[in-house]
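Take a look at the structure set out below.
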Amino acid sequence: MKCKLCDKKATDTYCELHKRAYCNVIEKYYVWKMAFFEISWYNYLIEVVKNEYSGSRVKEVARDLLSEIE
């Protein structure tokens with residue numbers, strides 16, 4: 001099986017690198033939620049994509065998650 005976002009080998013949806021990015025996106029959502037008083041999942045993902053400090057794989061995962069919402 002291949003990663004949904006690249007051609008690397010994956011055990012499920014994502015390769016190891018994108019899976020790590022996915023886990024970071026999920027974990028950091030709770031931090032943002034506390035800091036920004038209940039920011040929605042959708043708005044959080046938009047902010048992650050726009051953030052210049054977000055890594056490329058994190059942005060790819062956030063865009064993928066956004067595409068599932070839209």
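The values are calculated or read from the model by the stated rules, or taken from the named source; none is laboratory data. Predicted model, so just to flag it, every value in this text is computed and none were measured. Heads up, the Cβs are rebuilt from the backbone with ideal geometry, glycines too, and the neighbour counts pull from every protein chain shown.
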Practice problem: State all residues of the stretch 29-50 that are in a helix (DSSP H, G or I), free of Cβ contacts under 8 Å to residues at least 12 places away in the same chain and not polar (S, T, N, Q); if no residue qualifies, say none. | Solution: Tyr30, Val31, Lys33, Met34, Ala35, Lys50
Quiz item: Can you tell me which residues in the stretch 33-59 are more than 24 Å from Lys4 (Cβ to Cβ) and modelled with pLDDT under 95?
Solution: Lys33, Met34, Ala35, Phe36, Phe37, Glu38, Ile39
Quiz item: Among the residues of the stretch 39-70, which ones are of a type in the set (S, T, N, Q) and under 13 Å from Asn24 (Cα atoms)?
Solution: Ser54, Ser56
Exercise. Could you please give the count of residues in the stretch 1-28 that are in a helix (DSSP H, G or I), over 19 Å from Tyr42 (Cβ atoms) and either at pLDDT below 95 or not aliphatic (A, V, I, L, M) (or both)?
Key: 5
